[in-house]
1. With respect to E64, determine if the residue is of a type in the set (D, E), under 18 Å from V98 (Cα atoms) and either under 14 Å from the mean Cα position of the chain (by Cα) or in a helix (DSSP H, G or I) (or both).
2. Run down V9, V5 and say which single residue is buried (at least 16 other Cβ atoms within 10 Å of the Cβ) and either over 11 Å from the mean Cα position of the chain (by Cα) or hydroxyl-bearing (S, T, Y) (or both).
3. Among the residues of region 1-18, is there at least one that is in contact with a Phe, Trp or Tyr (Cβ under 6 Å, 6 or more places away or on another chain), hydrophobic (A, V, I, L, M, F, W, C) and in a helix (DSSP H, G or I)?
4. Pairs needed: first member in region 95-119, at positive phi; second member anywhere, surrounded by 12 or more Cβ atoms within 10 Å (Cβ to Cβ); C-beta distance under 8 Å; at least 6 residues apart or different chains.
5. Any idea which residue in region 83-103 is farthest from the chain's Cα centre (by Cα), counting only those that are of a type in the set (V, I, T) and either closer than 11 Å to L48 by Cα or buried (at least 20 other Cβ atoms within 10 Å of the Cβ) (or both)?
6. Looking at (1) at pLDDT below 95; (2) surrounded by 15 or more Cβ atoms within 10 Å (Cβ to Cβ); (3) within 19 Å of K4 (Cα to Cα), which is the only condition A106 fails?
7. If you take the residues of region 3-21 that are among the charged types (D, E, K, R) and touching a helix residue (DSSP H, G or I) at 6+ places or on another chain (Cβ under 8 Å), which of them is modelled with the lowest pLDDT?
8. Of N80, N51, which residue is in a helix (DSSP H, G or I) and either modelled with pLDDT of 95 or more or more than 16 Å from the chain's Cα centre (by Cα) (or both)?
Amino acid sequence: MLRKVLLVVKSSPYGHLMAAEGFRIATAMIAMDVLPQLLFIDDGVYCLLKNQRPEAAGLNSHYERLKTLAVLVGLSAERNSMVKRDLRISDFDESFNVKLMSIDEAAKLIMKNETTITF
């Protein structure tokens, strides 16, 4: 049986390594007997924005890794975090196919997993 782990990404995508480490860990889990799920809340929703160009600032892009994770395990975002930041689903990269969740749905997702790790 696969172990279920929820990775909650609440950090912005650039300026520190928290979100990037979460994406790396999620990718590694896929090769193990672990089923990662990703939920983006708070400033983590900025990771999902389209047309990011971090290379212009000398930073590594998360795009390819997020696209792969979206295909393999799916990406979810908490709706209130988007609303507080004046974001809409149309602001997210279409290739991520982000599933929007209410705060109640996010709480249920947390309860369904054996472990929750926050980045």
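1. Numbers: of a type in the set (D, E): yes; under 18 Å from V98 (Cα atoms): yes; either under 14 Å from the mean Cα position of the chain (by Cα) or in a helix (DSSP H, G or I) (or both): yes.
Yes; evaluated as a whole, the condition is true for this residue.
2. V5
3. Yes, the conditions are met somewhere in region 1-18.
4. N97/A70; N97/G74; N97/L75
5. Going residue by residue through region 83-103, those that are of a type in the set (V, I, T) are 83, 89, 98, 103.
Filter once more, so that each one left must be either closer than 11 Å to L48 by Cα or buried (at least 20 other Cβ atoms within 10 Å of the Cβ) (or both): 89, 98.
Values: I89: 14, V98: 9 Å.
This residue is I89.
6. With (1) at pLDDT below 95; (2) surrounded by 15 or more Cβ atoms within 10 Å (Cβ to Cβ); (3) within 19 Å of K4 (Cα to Cα) applied to A106, the lone miss is (1).
7. If we filter region 3-21 for residues that are among the charged types (D, E, K, R), which is where we start, we get 3-4, 10, 21.
Going one step further and asking which of them are touching a helix residue (DSSP H, G or I) at 6+ places or on another chain (Cβ under 8 Å), we end up with 4, 10.
On the way: K4: 86, K10: 97.
Per the stated criteria, the residue is K4.
8. Numbers: N51 fails: in a helix (DSSP H, G or I).
Going through N80, N51 in turn, just one is in a helix (DSSP H, G or I) and either modelled with pLDDT of 95 or more or more than 16 Å from the chain's Cα centre (by Cα) (or both): N80.
The values are calculated or read from the model by the stated rules, or taken from the named source; none is laboratory data. Source: prediction; values computed, not measured. Every residue, glycine as well, gets a Cβ built from its backbone with ideal geometry; the counts of neighbours run over all protein chains shown.
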